[in-house]
Each structure stands twice: as C-alpha cells, then as structure tokens.
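No value in this document is a laboratory result; all are computed from the given coordinates. What you see is a predicted model; the values in this text were computed from it and never measured. Neighbour counts run over all protein chains shown; Cβ positions are idealised from the backbone, glycine included.
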Amino acid sequence: MQSGILYVVSTPIGNLKDISIRALEVLEQVDLIAAEDTRHTAILLKHHDITKRMVSYHEHNEASRAAQLVEFLEAGDSIALVSSAGTPAVSDPGYRVVNLASERGIPVVPVPGPSAVLAALVMSGLPTDRFLFEGFLPRAKRRVSRLQSLAAFKGTVIIYESPQRVVNTLQDILTHFGNRRMAFCREITKKFETVMRGTVQEVLGCVAQRPVKGECVIVIGKEGLS
C-alpha cells in the first residue's frame, strides 16, 4: 500500500486572507488535519468554507500523537500539519512527526507561507543579509549565557516574547547587547499592527509606559550599526 503524504502547511499569523491558494487546496484535499489548536484552526476553516476532520497535535501530546499520525500516513491517509499561526515546527510543534515520517520514508511536502520571523525582519529596517532566529529565550539559569552568546552574533537577532515579559527582556537586551538599533513588532498583520524603531533604550522607554498586548517580536541590529 502506498503511504499518504504529510503536508506541512503554513497558515496566517493574523489576517485570515494571508493564506495561499495552494494551502487552501491542500486543506480541502487531505484526509485529516493535525492542528495545534483545533478551535483556532476551525475558525480558519470556517472562514474558507472547508469542513475537515481534525485531531490535536500540540506540545503536550506531540510524542504520542506523532506515532499515531505516522500510522495513519502508512495506512494511506494524507495529513496536513498546521500550527495556530505561521509555519509549523518554527517555535511550534511539528519536528517530531516530520522526523518520524522522514525516517519511515513517508513524503513530507512543505506548503510555505506566512512567518512572523520573516515578516518582522523585513519590516524592521535592519540588515537582512545575515540573521539568527532565537525563538523564546530561556527563562532561568541559561538566560544570561544565551543573551551573551546572541550579543556576539555578527548579524541581526530575532526573538519572540510574550507581552507579559517583554519589558524585562528589553532590559536584559540593553544590559547584554548595549544600546543598539532595534525594532519592536507587535500584532503583525492584525488590526493593531505596530512597529517601533530606534535604539533599545528608546524602544524600552516607549514600551514600558503602558501594558503591552498581543504577540511580540524583537529584532536587534548587529553591533556597530549606525
């Protein structure tokens, strides 16, 4: 029996119109959608008049669910893997099932699309020729050493952060990176999308004035950037 195909499908990071024609075709054609948050994905599917069976695939069930999904694939079912926003496996679940499917010889097909990393980078106004995506920083003992390592990177650094911790993280960046040029991007592609550009000190001063809401991306320029 021929195996199914695992499609890694990028979905909008905010604006529901930011989905490719190919992604919609795949979502309509597959036998099953493995979603990080089925309720969130249901909103996207309803918006585009797609009805499809879904199962959850998130960080808490990833190990066991990956094996189950590969069984479906080996039985001939095709599956679309989606995260709540953006590209699966980029600071989201996905690596385990892709790795296991690859080991079993099952075709893995990317359906590229929205990515908060690249959106923040290109809107930052900072150099794009060499960059490092960190994702979320460690919260505890490895945090300082990681910040020091990132500060030594000779290029643009991109960090995800929650609104509750963004002020503390900007303070840490000022301590370990110095007062470099940076951009603070919030709610990318959504109604209240904003970007603040300036030095770390300038951005920190603005962000600290009021509670931050929404999803945040911090983009830091390389040392010596004027």
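Model label sites at Q2 and L132, defined 7 Å from Cα along the beta-carbon direction, differ in position by 4.5 nm. One way to sum up the overall shape of segment 6-111 is the equivalent ellipsoid from its Cα gyration tensor, whose semi-axes run 21, 14, 12 Å, largest first.
The mean sequence distance of close C-alpha pairs (under 8 Å, at least 6 residues apart), as a share of the length of segment 116-220, puts its relative contact order at 34 percent.
Take every pair of alpha-carbon atoms less than 8 Å apart whose residues are at least six positions apart; their mean separation over the length of the chain yields a relative contact order of 22 percent. Between A140 and R39, the FRET efficiency from the beta-carbon distance, with R0 = 41 Å, is close to 0.85. Calculated [222 nm] ellipticity per residue, helices only, for the chain: -10000 deg cm²/dmol; basis is -39500 (n - 2.57) per DSSP H run with n ≥ 4, divided by all residues, nearest 500. Restricting attention to the chain, lysine pairs at least eight places apart or on different chains and with alpha-carbon atoms under 14 angstrom apart total 6.
Counting other beta carbons within 10 Å of each Cβ, put H58, H48 in order, fewest first.
Ascending number of Cβ neighbours within 10 Å: H48, H58.
In angstrom, the C-alpha Rg and Dmax of the chain are 19.3, 61. For segment 116-220, the Kirkwood hydrodynamic radius comes to 13.6 Å, computed from all pairs of different C-alpha atoms.
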